[in-house]
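The values are calculated or read from the model by the stated rules, or taken from the named source; none is laboratory data. Please read these numbers as outputs of a predicted model, since none were measured by experiment. Positions of Cβ are generated from backbone atoms using ideal geometry, with glycine treated the same way; all protein chains shown enter the neighbour counts. SASA here: full protein model, heavy atoms, side chains in, ligands and nucleic acids out. Shrake-Rupley method; radii C 1.70, N 1.55, O 1.52, S 1.80 Å.
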Amino acid sequence: MKMIDLIAGARPNFMKIAPIIEALKTSDKIRYRLIHTGQHYDRNMSGNFFEELGIPEPDVNLQVGSGTQAEQTAGIMVGYEKVLLKERSALCLVVGDVTSTMACAITAQKLCVPVAHVEGGIRSGDWIMPEEINRLATDAVTNLFFTTSEFANENLRKAGVGTDRIFFVGNTMIDTLIKQLPRLKRPRLCDEAGLVSGQYLVLTLHRPANVDEPEKLRAMLDAIMSGSRLDRVVWPVHPRSRKVLDGLKNVKMDRLILCDPLSYLEFNYLVRDARGVITDSGGITEETTVMGVPCMTMRDTTERPETVQMGTNELVGTDPAKLQPYLDRLLAGEWKKGNIPPFWDGKAAARIVMVLEQWLVDRASAVGCPTLP
Ligand code: UD1
């Protein structure tokens, strides 16, 4: 049996890795070692997700914790290198675009451990986002690309990646959503705040470009609150945003409901029943597309154009003044219906494991650096 490393570090990684672990349970060719980098460490940013999604205890926790981009990257690289030097794996599988993804991919490839990137090839073109740098750096050292969209395939082909290394498998985040839809859990706050299904909005904001500058955050909140008329707005606040929000005076709070980050099952319950979602997340635009919930993205770019072209997402931009017409359309009940992108069918992880089994066992000698183009 070949041993591979599965890397999970931050909240959006956990739902992407869970179905891969599930699919690997039935493999007689591959066993795995689960590495948690500790980039996210709070119960409500990490622990809850392991419990709800049935992810086993990590084999290794690098416990990197908070820090600047460079501090986290360096801490993860040093920690993961030690793990690999102690016991080398046949492949390092990373998911998504967080700092842990990039740091582990580089560390593995430098030790000639091949890298597979789940959600490879997506690009926003916006180098202000740390995630875009992570995507570029990760894909530069990736051997096997598991992609979620034809846009990603095209980006990779344009970058000169051979089609024999690109596997259009679908979306493991959606595997998790489809599996968990029947188990979604009504959060307590629905009753506490008297929320009426279809008559409230869900808000998430945590991108440095939106939340790090207090006055920008205030302008964004003002636009959201005035544009949403009578609807309540529920915001599970990410720790990064909380620090800035706590320092803001005179935010209009009458219809704004703040809470701590919710668990996966509670958050998606809230989203499924909402009139719409306002967000600067990427992953949430995929989930709303699958659940058919209207979504407004407060960013100028997206690395997931399929959620706009096919799904229920609209790219509003970062200028709060641009939000009003979108909210008007939502409140008038005139939002587009949208379709589900190809292969977002709950079977992506099974496809990934099939490819890995073939690549690791039948094709690759997992010793020595595989030749990159
Ligand atoms: C990270 C990811 C981003 C993802 C987001 C989702 C990168 C570059 N960014 O951003 O792609 O969308 O996670 O959550 O990897 N903190 C806590 N408790 C925690 C985790 C973090 O208090 O459990 C605090 C940290 O101390 C830090 C802030 O939250 O001050 C931000 O955390 P960090 O890991 O730097 O990046 P995110 O903004 O969460």
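Give me the residue from segment 306-325 that is over 17 Å from Ala223 (Cα atoms) and open to solvent by 30 Å² or more (accessible area, probe 1.4 Å) and, out of that set, nearest to the chain's Cα centre (by Cα).
Val308
Only one of Gly170, Gly194 is more than 16 Å from the ligand (Cβ to nearest atom), open to solvent by less than 10 Å² (accessible area, probe 1.4 Å) and either touching a residue at least 40 places away in the same chain (Cβ under 8 Å) or not in a helix (DSSP H, G or I) (or both). Can you tell me which?
Gly170
Hey, can you tell me all the residues within segment 197-214 that are without any contact (Cβ under 8 Å) to a residue 40 or more places away in the chain and either away from the ligand (no atom under 16 Å from the Cβ) or not in a helix (DSSP H, G or I) (or both)?
Within segment 197-214, Asp212, Glu213 meet the criteria.
Kindly indicate whether Gly170 is under 19 Å from the mean Cα position of the chain (by Cα), modelled with pLDDT of 95 or more and at positive phi.
Taking the combined requirement at face value, the residue satisfies it.
Have a look at Ile17, Ile4, Ile21 and point out the one that is more than 16 Å from the ligand (Cβ to nearest atom), of a type in the set (A, V, I, L, M), modelled with pLDDT of 95 or more and assigned to a helix (DSSP H, G or I).
Ile21
Let me confirm something: among Arg240, Arg272, Arg207, Arg183, which residue is under 18 Å from the mean Cα position of the chain (by Cα), within 30 Å of Phe343 (Cβ to Cβ) and surrounded by fewer than 19 Cβ atoms within 10 Å (Cβ to Cβ)?
Arg272
Suppose the filter is in a helix (DSSP H, G or I) and away from the ligand (no atom under 13 Å from the Cβ); does Glu57 pass it?
Judged against the criteria, Glu57 is not a match.
Please specify each residue of segment 215-237 satisfying the condition of being more than 15 Å from the ligand (Cβ to nearest atom), surrounded by 13 or more Cβ atoms within 10 Å (Cβ to Cβ) and assigned to a helix (DSSP H, G or I).
If the condition is that a residue be more than 15 Å from the ligand (Cβ to nearest atom), surrounded by 13 or more Cβ atoms within 10 Å (Cβ to Cβ) and assigned to a helix (DSSP H, G or I), then Lys216, Arg218, Ala219, Met220, Leu221, Asp222, Ala223, Ile224, Met225, Ser226, Gly227 are the ones that fit.
Every residue, every condition in (1) charged (D, E, K, R); (2) more than 16 Å from the ligand (Cβ to nearest atom); (3) within 19 Å of the chain's Cα centre (by Cα), yes or no:
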| position | (1), (2), (3) |
| --- | --- |
| Trp127 | no, no, yes |
| Ala140 | no, yes, no |
| Thr147 | no, yes, yes |
| Ile178 | no, yes, yes |
| Pro187 | no, yes, no |
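Looking only at segment 143-159, count every residue that is touching a residue at least 40 places away in the same chain (Cβ under 8 Å) and out of contact with any Phe, Trp or Tyr (no Cβ under 6 Å at 6 or more places or on another chain) and tell me the total.
So the answer is 6.
Yes or no, residue by residue, for (1) surrounded by fewer than 19 Cβ atoms within 10 Å (Cβ to Cβ); (2) modelled with pLDDT under 95; (3) under 17 Å from the mean Cα position of the chain (by Cα):
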{"site": "Lys252", "(1), (2), (3)": "yes, yes, no"}
{"site": "Gly276", "(1), (2), (3)": "no, no, no"}
{"site": "Leu327", "(1), (2), (3)": "no, no, no"}
{"site": "Asn339", "(1), (2), (3)": "yes, no, no"}
{"site": "Ala349", "(1), (2), (3)": "no, no, yes"}
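Among the residues of segment 45-54 satisfying the criterion of being in contact (Cβ under 8 Å) with a residue 12 or more places away in the chain and open to solvent by less than 40 Å² (accessible area, probe 1.4 Å), which is nearest to the ligand (Cβ to nearest atom)?
Met45
Looking only at segment 60-105, which residues are closer than 23 Å to Arg43 by Cα, more than 10 Å from the ligand (Cβ to nearest atom) and either out of contact with any Gly (no Cβ under 9 Å at 6 or more places or on another chain) or not in a helix (DSSP H, G or I) (or both)?
Those that are closer than 23 Å to Arg43 by Cα, more than 10 Å from the ligand (Cβ to nearest atom) and either out of contact with any Gly (no Cβ under 9 Å at 6 or more places or on another chain) or not in a helix (DSSP H, G or I) (or both): Val60, Asn61, Leu62, Gln63, Tyr80, Val94, Val95.
Please work out which one of (1) touching a residue at least 24 places away in the same chain (Cβ under 8 Å); (2) under 25 Å from Gly125 (Cα atoms) is the condition Leu327 fails and give its number.
The number of the failed condition is (2).
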